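Worksheet for the structure shown next.
The values are calculated or read from the model by the stated rules, or taken from the named source; none is laboratory data. Bear in mind the structure is a predicted one, so any value in this text is a computation, not a measurement. Because the Cβ atoms are built from the backbone with ideal geometry, glycine has one as well, and the counts that use them run over all protein chains shown.
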Amino acid sequence: MNMRQQKTAMWVATAVLAVCAAGIVAAGLVMPVDVTVDSPKAPRPGVAVATSQPAAGTANNPSVSASSPASGGPKFFARLSQLCAKDLRKPLFDPQPKLVNGTPGRRPNASSLHSMRLIGTANEPGHSMAVFRKPTGEIEVCREGQGFKLQGNQVTVVAVDPNKVAVQYAGRRHELFMPKKP
């Protein structure tokens, strides 16, 4: 297309849109409007009033209940206030396990040990590593056989798998699982 053809196409498109806009305005002025009157006032002179359906919530319109927003009934507002009072947010962290007989309960998918959390693994043959976050916020990256101090005791990484890490802490073996993805 050369420049002249492009300009002609643009003018034609503009004319078509202008005709469509004028048609919409004319249709809006010509078509009747459905207006409902809630009070028995007399209409103003020169104003046409059409009442094809009874007002919402009246005895003549049983399809609209008192709990619909159109009626604004007390049931609707009670239900609305009940829904607004509901807390829809989820907690940002899992709750601590319950104490059972004075000892912390164990979850089968625990990802923490004394507030130390497993936050990642890198699983390569011969180079597997685990990433931990200590309670102080420090990050520890350890290979199998390496360790670090936690609350005065040595934590040693025994085995690293893609979804879990086995550690030795205070003479006991613990398995830490990767946290579930949100």
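Looking only at region 135-165, filter to residues that are aliphatic (A, V, I, L, M) and within 11 Å of residue 113 (Cβ to Cβ); which one of those is nearest to the chain's Cα centre (by Cα)? The selected residue is 165.
Would it be correct to say that residue 84 is modelled with pLDDT under 85 and not in a loop (DSSP other than H, G, I, E, B)? The answer is yes for residue 84.
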